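J.: My questions all concern the structure below.
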Amino acid sequence: MKTTKEEMPPPVYSDIYPLDESYAARGETAPAIDRVEPAEVPEPYHSLLVHKTDMTSTLEKFHGETLHVEVLTRDVRENEYCREVVLVLDGTQKRVEFGAIKIMLDLFPAEARQEILRAQQPLGRILNTFNIQFSSRPGTFLRLTSDKFIDTALQLQWPQLLYGRRNSLVDSRERPLAEIVEILPP
């Protein structure tokens, strides 16, 4: 009996997928990252990470500004769009998140796909703009010391202790729309 893609069990990923793939593509080793329990995530990180909503709306509400995307790296392979980004506040230009994301383009309507590939708006806004039903499934909460790449991305002067999460966005049929690692600056 042949199984279809939709009948297959969901894949198992590392705690830092797809960030690990991004580092490997650059020939670098990802920083050491510890898994932490939600209760171990201190404020304000806890309020910003331990929830089941998208980070775009969470960060915009917290900072009182809209966000845009600054793409650091990108790669399109068939229907997978991988990128490392920084989310930047429109007004103050403050960098409020570093992220690595793999987006399954074939699960999005054509207009949403075009907007994703334009790489100007965060995925959360695109999902909401195009009324795409999704659920956020944070799987792992992370603690790490930033490395040179993350320091540069977030404009940090030296390595610092940061928190983040590994998250999956799934559609109404439980198909993975995106796999994300989201890391917040101090």
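J.: Check which residues have an amide H placed less than 5 Å from PHE108's amide H, if you skip close sequence neighbours.
T.: Distant-sequence amide H within range of PHE108: zero hits.
J.: Separate question: Using 7 Å Cα-to-Cβ label points, what is the SER57/ASP34 separation (nm, one decimal)?
T.: Between SER57 and ASP34, the label points sit 3.3 nm apart.
J.: Return the distance in nm (one decimal) between the two label points of a simple spin-label model at SER14 and HIS46, each offset 7 Å from Cα along Cα→Cβ.
T.: Computed distance between label sites SER14 and HIS46 equals 3.0 nm.
J.: Still on this structure, please answer the following. With just the Cα atoms defining each centre, how far is region 43-84 from region 123-186? Give it in Å.
T.: Spelled out, the Cα-based centre of one part sits 5 Å from the other.
J.: If I compute volume of the Cα convex hull per residue in Å³ from the structure I just sent, which labelled value in (i) 102; (ii) 127; (iii) 114 lines up?
T.: Evaluating volume of the Cα convex hull per residue in Å³ on these atoms matches (ii).
J.: What is the distance, in nm, between label points placed 7 Å from the Cα along the Cα-to-Cβ direction at THR129 and at MET104?
T.: Placing both labels 7 Å beyond Cα along the Cβ direction yields 2.3 nm.
J.: If I take every Cα pair under 8 Å that is 6 or more residues apart in region 78-179, average their sequence separation and divide by the length, what percent do I get for the relative contact order? Display every interim value, and only then the final one.
T.: Numbers: 147 pairs, mean separation 26.2, N = 102.
Dividing the mean separation by the residue count of region 78-179 yields 26 percent.
J.: Report the number of Lys pairs in region 13-184 whose alpha-carbons are under 19 Å apart, with separation of 8 or more residues or on distinct chains.
T.: Working: LYS52/LYS61; LYS52/LYS102; LYS61/LYS94; LYS94/LYS148.
Value for region 13-184: 4.
FYI, it's all coordinate maths here, none of it is from the lab. Every value quoted in this text rests on a predicted model; they were computed, and no experiment measured them. Glycine gets a Cβ as well: all are built from the backbone with ideal geometry, and neighbour counts include every protein chain shown.
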